[in-house]
1. For residue 72, work out the one condition from (1) over 14 Å from the mean Cα position of the chain (by Cα); (2) surrounded by 22 or more Cβ atoms within 10 Å (Cβ to Cβ) it doesn't fulfil.
2. Restricting to the range 84-117, give me the number of residues that are closer than 18 Å to residue 40 by Cβ and either outside any strand (DSSP E or B) or at pLDDT below 85 (or both).
3. Looking at the range 41-57, which of its residues are assigned to a strand (DSSP E or B) and without any contact (Cβ under 8 Å) to a residue 60 or more places away in the chain?
4. Can you find, within the range 122-152, the residue that is modelled with the highest pLDDT among those that are surrounded by 17 or more Cβ atoms within 10 Å (Cβ to Cβ) and among the β-branched types (Val, Ile, Thr)?
5. Name the one entry in 24, 6 that is β-branched (Val, Ile, Thr), at pLDDT 95 or above and either surrounded by fewer than 14 Cβ atoms within 10 Å (Cβ to Cβ) or under 18 Å from residue 113 (Cα atoms) (or both).
Amino acid sequence: MENLSIRDKQYNQSKQVSTKSGKIMAISISKKRGIPKTNVSSAKIIENYGIEGDAHAGNWHRQVSLLPVESLNKMRNAGLPKLRPGAVAENLTIEGIEWNEFPVGSKIKIGKFVLLEVTQIGKECHDKCSIFLKIGDCVLPREGIFARVTKGGEINTGDIITVLQQNNKQV
């Protein structure tokens, strides 16, 4: 429990926490909404804001978006074999944890310090994206994970991402 505040240490010691873990495969940002995101090797996540330099950051409930690579693979298998991380406009492409393991209210830890809280699964698509127009489907409206930042910090591709749980109940 290096570099944790006394409050954080007390919280961790008072809970019997089980977890599900995976890792960040890609970090993606864009300056404008509605376009595929560009992959970067690291990013600064700002508390109550989102990823620095990303158009979706701000004072709202969808500051960071996550998409499991397994969901991306569905689109690849449906006819887009070269679909890359960030092309569906997700900020974090993750592996090892499926989208249905992130109920609303879940706490997510990235690396040593960053904490997110899941606020929404899926979203309404008002306009059909280019992926939908090419193959007639897109997974983000069903399987995209959206979160707000409760503790900021630096993240890197390859960082461990953990869904924190207590007694099979999300904390």
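1. So the condition that residue 72 fails would be (1).
2. Summing the residues that are closer than 18 Å to residue 40 by Cβ and either outside any strand (DSSP E or B) or at pLDDT below 85 (or both) in the range 84-117 gives 9.
3. 51
4. 149
5. Just one listed residue meets the conditions, 24.
The values are calculated or read from the model by the stated rules, or taken from the named source; none is laboratory data. Quantities reported herein were computed from a predicted structural model and do not represent experimental measurements. With ideal geometry, Cβ positions are generated from the backbone for all residues, glycine too; neighbour counts draw on all protein chains shown.
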